[in-house]
Amino acid sequence: MDRARRQLCARLACGIGALLTLAAIDARGVKEVIAKERVIAIEARKFIYTPNEITVKKDETVVLAFTAVDFIHGFFIPDMHIRADLKPGQVTEVRLTPGQAGEYAFLCDNFCGSGHEEMNGKIIVTE
């Protein structure tokens with residue numbers, strides 16, 4: 001090979017190596033972001049969420065992973081304008097990042113029988 005071709009090959013090899021290095025660094029960064037999301041498993045059954053009190057930090061992204069045991073329940077946080085239907089046999093994920101400290105009530109907004117009004121809880125957001 002002549003000198004120009006060797007230089008071109010060397011530059012291409014360096015460029016490809018740099019791209020692979022950046023891709024590896026970026027992949028690690030994505031894993032770190034995903035790992036920072038805390039998942040909270042919540043069971044919804046006739047008249048109760050378990051747990052019904054959840055504590056998170058301000059600006060912390062959490063995933064609420066709901067499993068409805070008996071029939072379709074609702075999940076509604078009026079002050080955050082977040083709502084979801086919770087269907088039996090499915091995991092329903094609700095992702096939230098509260099930006100303000102305080103207590104936020106949540107409730108079932110699908111009528112599930114006498115006692116339905118007791119199906120509620122709260123999210124406590126700390127500094």
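None of the figures in this text is laboratory data; all of them are computed from the coordinates on show. The structure displayed is predicted, hence computed values, not measured ones. Here the Cβ positions follow ideal geometry from the backbone for every residue, glycine too, while neighbour counts run over all protein chains shown.
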Gain on full stretching of the segment that runs from E60 to E93 - 0.36 nm per residue minus C-alpha separation
10.3 nm
Is the C-alpha gyration tensor of the stretch 37-126 telling us rounded, prolate or oblate? Criteria: a/c under 1.5 is rounded; beyond that, a/b larger than b/c is prolate, otherwise oblate.
prolate
Label model pair A84, E117: point-to-point distance (7 angstrom along the Cα→beta-carbon line) in nm is 2.7 nm
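Between R5 and E37, what is 0.36 nm times their sequence separation minus the Cα-Cα distance? Round to one decimal in nm. Please list the in-between numbers first.
On the way: separation 32, 0.36 × 32 = 11.52 nm, distance 4.88 nm.
My answer for the length gained is 6.6 nm.
Find how much the distance from R45 to E127 grows on full extension, using 0.36 nm per residue of separation minus their present alpha carbon separation; answer in nm with one decimal. Working shown, then result.
On the way: separation 82, 0.36 × 82 = 29.52 nm, distance 3.10 nm.
Between R45 and E127, full extension yields 26.4 nm more.
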